[in-house]
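First up is the structure itself, then whatever we jot down about it.
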């Protein structure tokens, strides 16, 4: 696996540095959000180029990953196009001034490349295994595709709501009636699904991938970070918190 992993890591670093150079020209690092899912596509394409045998199972994994990655990257690109730098990155910029332009190499771009290189481990391991496509694989990829569908519906519902309620109100309908972050829950399903695909014969430490993604979603870049400021921007959000599940979809209290 080391022989495959080194060229993967090299390509991820090159891609991260290209994103950093672009940020210097635009004075905006928000495009790293669009790059995030593409790190995984690059990693898997690199791994497949190093694999001597491409099976039906490998192709199914690659298709599932491409569906997830392209949808997420396109959605974030369209959402952020022509907008000022995201408030999250504005705060990071302020907290790391002066010298943010240099610090952003490792704070933003190389850090995301590192995270991707760890989270992608089960997928790389799955490509190294040329066993037959079995029921566990189909179940895992089914969970992945359901997760993509779930987060896609959540993102569509949120985009429609924000189009008419940009600076007011709280979305309480559709999937958002049952979870305050259904898009993140869909992402959670995606990575536990990919982990399931790697279970048969994969080393025990592959579980770091879905665990790390869950930590990011709940405590670092997802739910925790989003809800630090949203109560100030959205009147009524405190009541929404009291009545609605934070992550796992569940019937509201009222």
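Quick notes on this one:
- When residues in segment 35-58 are screened for being at pLDDT below 95 and more than 22 Å from residue 2 (Cα to Cα), 1 of them pass.
- Test for residue 188: is it in contact with a helix residue (DSSP H, G or I) (Cβ under 9 Å, 6 or more places away or on another chain) and either touching a residue at least 60 places away in the same chain (Cβ under 8 Å) or surrounded by fewer than 21 Cβ atoms within 10 Å (Cβ to Cβ) (or both): no
- Helices (runs of 4 or more DSSP H) fully within segment 156-237 that include at least 2 residues being over 17 Å from the mean Cα position of the chain (by Cα): 182-198, 223-233.
- Count of residues meeting criterion [in contact with a helix residue (DSSP H, G or I) (Cβ under 9 Å, 6 or more places away or on another chain) and without any contact (Cβ under 8 Å) to a residue 40 or more places away in the chain] in segment 228-254: 5
- Which listed residue, of 181, 164, is surrounded by 18 or more Cβ atoms within 10 Å (Cβ to Cβ) and outside the structural domain of residue 65 (by TED's automatic domain parsing): 181
- Residue within segment 116-123 that is surrounded by fewer than 16 Cβ atoms within 10 Å (Cβ to Cβ) and more than 17 Å from the chain's Cα centre (by Cα) present: no
- The one condition in (1) over 30 Å from residue 135 (Cα atoms); (2) modelled with pLDDT under 95 that residue 23 fails to fulfil: (2)
- Residue list for segment 64-84, filter: surrounded by 12 or more Cβ atoms within 10 Å (Cβ to Cβ) and out of contact with any helix residue (DSSP H, G or I) (no Cβ under 7 Å at 6 or more places or on another chain): 70, 74, 79
- Subset of segment 1-10 that is surrounded by fewer than 17 Cβ atoms within 10 Å (Cβ to Cβ) and touching a helix residue (DSSP H, G or I) at 6+ places or on another chain (Cβ under 9 Å) - its residue that is nearest to residue 112 (Cα to Cα): 9
The values are calculated or read from the model by the stated rules, or taken from the named source; none is laboratory data. Nothing here was measured: the structure is a model prediction, and the numbers come from that model. When we count neighbours, we look across all protein chains shown, and the Cβ atoms used for this are built from the backbone with ideal geometry, even at glycine.
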